[in-house]
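Worksheet: one structure, shown below.
The values are calculated or read from the model by the stated rules, or taken from the named source; none is laboratory data. Nothing here was measured: the structure is a model prediction, and the numbers come from that model. In this analysis, Cβ positions are derived from the backbone assuming ideal geometry, glycine residues included, and neighbour counts consider all displayed protein chains. These accessible areas exclude ligands, DNA and RNA; they are computed on the full protein's heavy atoms, side chains included. Shrake-Rupley method; radii C 1.70, N 1.55, O 1.52, S 1.80 Å.
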Amino acid sequence: MLSDIIYEHLKKYYDATYDDLIVLCIGTDRSTGDCLGPLIGYKLSHVSRLYSNVHVLGTLEAPVHAKNLIENIDRIYSSYNNPFVIAVDACLGKLERVGYINVAKGPLKPGAGVNKDLPHVGDMHITGIVNIGGFMEYMILQNTRLGTVMKMADIISSSFITSLWKFFKQKEKLTTN
């Protein structure tokens, strides 16, 4: 399950050297194919009320996109204590991989699918393959099925919620013993 994979990555990489956990949801609400990040951010926006050190940036109301990415990265490193950043974004891929969700250690390269030169971001990242890539990327993103993106946003956000609950429950158990 995706929640188990996220949980294992948190357990392995979000260690005591980090304080705040930032979920940076990248994308825009103005393109169906690129709204995966803001949809996930919207669905996770309440998480900050549950865990004081978890912060979600990039929602439908305040998206993090190409024009404000650098400003948001600067804000993360100046406003939060030792942040561990999980970058979340949509991506394009092969037809048979549409709908796949990838979780990996290390930074994300936002905008790569549409040939934008943006900074790498994240200590780990999650990407959802929303459509096929290789030609007319902007047109492909504009014509991506909303149903596909919504299903992926539901799966990723609910998996995040489950994995955070499990992670902080385990952490609490370890500190009380």
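Considering region 52-65, and only residues there that are in a loop (DSSP other than H, G, I, E, B) and open to solvent by less than 40 Å² (accessible area, probe 1.4 Å), the residue that is modelled with the lowest pLDDT turns out to be Asn53. Considering the conditions (1) open to solvent by less than 40 Å² (accessible area, probe 1.4 Å); (2) on the phi > 0 side of the Ramachandran plot, Ala87 is excluded by exactly one of them, (2). Taking every residue in region 29-41 that is under 18 Å from His55 (Cβ atoms) and open to solvent by less than 20 Å² (accessible area, probe 1.4 Å) and pairing it with any residue that is hydrophobic (A, V, I, L, M, F, W, C) and assigned to a loop (DSSP other than H, G, I, E, B), at least 6 positions away or on another chain, the pairs with Cβ-Cβ distances below 6 Å are Pro38/Leu60. Contact map, region 53-71: residues that are within 17 Å of Pro110 (Cβ to Cβ) paired with residues that are open to solvent by 50 Å² or more (accessible area, probe 1.4 Å), Cβ distance under 7 Å, separation 6+ or inter-chain. Pairs shown: Val56/Ser45; Thr59/Tyr42; Thr59/Ser45; Pro63/Asp29; Ala66/Lys116. If only residues of region 27-44 that are more than 10 Å from the chain's Cα centre (by Cα) and in a loop (DSSP other than H, G, I, E, B) are counted, the one that is nearest to Ile156 (Cα to Cα) is Cys35. Only one of Thr176, Thr162, Thr144 is at pLDDT below 95 and surrounded by fewer than 21 Cβ atoms within 10 Å (Cβ to Cβ). Can you tell me which? Only one candidate passes the filter, namely Thr176.
Could you please find all residues in region 126-141 being open to solvent by less than 40 Å² (accessible area, probe 1.4 Å) and either of a type in the set (A, V, I, L, M, F, W, C) or at pLDDT 90 or above (or both)?
Ile126, Thr127, Gly128, Ile129, Val130, Asn131, Ile140, Leu141
Residues that are over 12 Å from the mean Cα position of the chain (by Cα), among the hydrophobic types (A, V, I, L, M, F, W, C) and at pLDDT 95 or above were ranked within region 71-97; the one that is farthest from Gly27 (Cα to Cα) is Phe84. All conditions but one from (1) in contact with a Leu (Cβ under 8 Å, 6 or more places away or on another chain); (2) modelled with pLDDT of 95 or more; (3) within 26 Å of Met1 (Cα to Cα); (4) crowded, with 22+ Cβ neighbours inside 10 Å apply to Pro110; the one that does not is (2).
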